[in-house]
Each structure stands twice: as structure tokens, then as C-alpha cells.
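Below you'll find the structure, written out as C-alpha cells, and then a few comments.
Values in this text are rule-based calculations from the coordinates and carry no lab data. Just so you know, these numbers come straight off a predicted model, no measurement behind them. FYI the Cβ positions are ideal-geometry reconstructions off the backbone, even for glycines, and counts take in every protein chain you see.
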Amino acid sequence: MKRKLPWILFAVSIALVLVGLKLGEYATVLEKAVTVCLDCIGIG
Amino acid sequence: MARQRTRRWAQAAAALAFNAYLPNWLKGEIFQGGVKGICLPGLNCYSCPSAIGACPIGALQNFMGALRFNLSVGVRQFGLYVVGFLAAVGSLVGRAPCGWLCPFGLFQELVHKIPSPKLRIPRPLTYLRYVILVVFVFALPLLVVDEFGYGQTWFCKWICPDGTLIAGIPLSALNAGIRAQLAFMFRWKMGVLVLFLIWMVLSLRPFCRTTCPLGAIWGLFNKASLFRLTVDASSCTSCRKCVRACPLDIEVYERPNSPDCIRCLKCLDACALGSLDYEFLKAKAPALPDRAPGKAV
């Protein structure tokens, strides 16, 4: 069972990625990533 | 050691690959291509002029900060894409990206080469990264919101020295509009960066060991990942060569898959008896010519 755990985790994680993509989260991440993050650079 | 040379080349290649859009260093802008929504396996601020992917920790904070507003207007976005990415990498290799890919990890290792007295990091301090993960990445963005219901990226704003180093400094140097807006927050972040720079000289990877929320997440997968270190108890004599070789002060022969381990594999190189090994998809570490090949437990 112990060596099945990584594969179970991996399968669940891929499912999460796919659900997230279906919910449009890639576009949300992209929208933030292509905008200068004022918090990150010390302005916000 | 051949393996450590390979690791260094992998780190350098990743740093270049994660920040491949070099022309922006002349323009003072950030890359805006469609691939930038892909999370990168390392701490690499997406406001770096040449960054071509997204920082998963920055992305996670954005989702947490927008969660309450999104739910109030019926938008169902919970950061599952980012969480799934983190879990996928963790379930395969645990914290190996920290040791083999993360550009900020590479930076710390290079800064540590500056000659100075070297200090150990007290073990209790290494638990701080979990506090930072829970408080600054999840709780504060979720709970402290503005009048519109949005939370900030607290870790990015108040702590992350990588953002200052590869985004704040170059953008403020290259972009007059950004430079004109610098005030207290920039001085705060520069202060945090300077403190970490000094600490990096004195101790190895202090940010990774005490602060990095990304390492905190992936470290939790070390015991459960497909890639794992093994100790052959029948041949191990507890000589502690692996402990002395470990740059992170891990008792390797007792805790081979510690959440602190960045899988740099220096311990394998140090073990003269071949008692340490790794497994990944049934492949084992190649036997070195000057040691007996180890058997996995």
C-alpha cells in the first residue's frame, strides 16, 4: 500500500489540475502573471 | 563529484530556462506570452523581466486573496490548478526541485561560497517555514481583505526576497515609471533581502530551510514521493559521513526522507559503504567505482 501512495497522490493531483483548468484557473494565473506584481517589487 | 557537477548544470539550465525571455532586460518590461500561466517548479518571481512562467506560491496567494470575492459573485475558482501542480511535483519527486531546479536555491548556494565564518541553523528555526506557509500564503490573503473583498499577496509583499532580487531591483533600475513609485515597501523589501544575503553567506540556504513556503509544501511529500532515499541497515555502520556531507544538517542515516531534504544526493556521494541509495520508478542509484553497491531495504 505504501508504494501505491505516490501514484494515488499523483492521480489526485492530476485530477485537481484538470478540474482547475476546467474552471478557467489557467487564465486567472496568466492574467496575474502578465501584470507587474506591485506587491512583489515593493510598491504595493 | 560527477553527480554534483550534473546538479549544478541542471540548476543553471533551469535558472536560464525559467527566465529565458532575455530581451526584456533591455526594455524594463515583463514577459506577457500565453505560456506564462504555466507554474514553474521553483521560486521564481513572475515579475522578473525575463520570467516565462508563473510562481506557484504567488499564484496560490492570488487565489486565496480572491476566494471570498469570487464566491460572493459565484465564480468557482479555488486554486486547484496550482494545488494540483504542487501535489503532482511533490508526489513524484518530493523536494527535489529545490535541490536541482530552483534558481533562488542556486543563488543561495553560490552566495554561501563567499568566505566567512559559517553558522549552523538551529533546528527549531526550520519549523518557521510552516508558519509562514499557513499564515502568509493561506490565512492572511484569505482573512484580511479590502473593501472590495480582495486580499493581498502577503508573502510576496512582506517577505519574498526573490521578488526583490529578480523583479524589484531590475524593474526599478530599468523602468523610470516604477522607480518613481518606490517608497517604504521597497525599502522594507530591500532590508529583508539584505538580511537574507548576509545570512546566506553565513549559513547554507537559510531561506529554503526557514522561510520558503514552496519548500515547506514539497518537503511534506518527501516521505510519500515516488523518488525516495533508502538506507541499507545491514551495511550502515552509523559512521555519520552522510550527516557530515549533508549541507542541511540532516541525520540522513536515521531520517533519509526528512522534509528538510532537498535531494542534492551529497550523502550518497559521501557514503563509502554504499548503504545509501535512491529509488525512482524502480531505478536505483548507479554504483560508483570506488564503493560497494548498496542494496535498498
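Overview of values
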| quantity | calculated |
| --- | --- |
| Selected from B:97, B:32, B:121, residue furthest toward positive end of dipole (region B:1-148; charges at beta carbon) | B:121 |
| Shielding by partners, peptide B:84-96 (average Cβ within 10 angstrom, other chains) | 5 |
| Tensor-based shape of region A:2-41 (alpha-carbon gyration tensor, a/c under 1.5 rounded, otherwise prolate or oblate) | oblate |
| Size of charge dipole - chain B - debye, nearest 20, with Cβ of Lys, Arg +1 and Asp, Glu -1, no other charges | 560 debye |
| Relative packing of peptides B:3-9, B:227-233 - highest average C-beta neighbours within 10 Å first | B:227-233, B:3-9 |
| Antiparallel DSSP beta bridges within the protein assembly as shown, as percent of all bridges there, nearest 5 | 90 percent |
| Alpha-carbon centroid distance for the pair region B:75-107 / region A:18-44, whole angstrom | 16 Å |
| Global form of region B:103-202, assessed from the alpha-carbon gyration tensor, a/c cut-off 1.5 | oblate |
| Rounded Å value of the spacing that divides the Cα centres of region B:181-201 and region B:217-279 | 34 Å |
| Mean Cα-pair separation over length for chain B, i.e. relative contact order, pairs under 8 Å, 6 or more apart, % | 21 percent |
| Three-way shape label, region B:16-153, alpha-carbon gyration tensor, a/c 1.5 | oblate |
| Taking region B:55-208 and dividing mean pair separation by its residue count, relative contact order in percent (alpha carbons under 8 Å, at least six apart) | 33 percent |
| Over 30 Å between alpha carbons, listed pairs A:4/B:157; B:189/B:266; B:27/B:157 | A:4/B:157; B:189/B:266 |
| For peptides B:165-171, B:52-58, B:177-183, sequence by mean Cβ density within 10 Å, most packed first | B:52-58, B:165-171, B:177-183 |
| Karplus-derived 3J(HN,Hα), 6.51/-1.76/1.60, for each residue of region B:171-183, Hz, glycine and proline x | 5, 6, 6, 9, 10, 5, x, 5, 4, 5, 9, 5, 8 |
| ³J(HN,Hα) computed for each position of region B:191-196 - Karplus, 6.51 cos²θ - 1.76 cosθ + 1.60, integer Hz, glycine/proline x | x, 4, 4, 4, 4, 5 |
| Angle in degrees between helix B:2-18 and the longest Cα principal axis of chain B, rounded to the nearest 10 | 10 degrees |
| Theoretical ellipticity at 222 nm over the protein assembly as shown - DSSP helices of four or more residues, -39500 (n - 2.57) apiece, nearest 500 | -13000 deg cm²/dmol |
| Exercise: per-residue mean of other protein chain Cβ atoms within 10 Å, B:32-39 | 5 |
| Shielding by partners, peptide A:17-23 (average Cβ within 10 angstrom, other chains) | 6 |
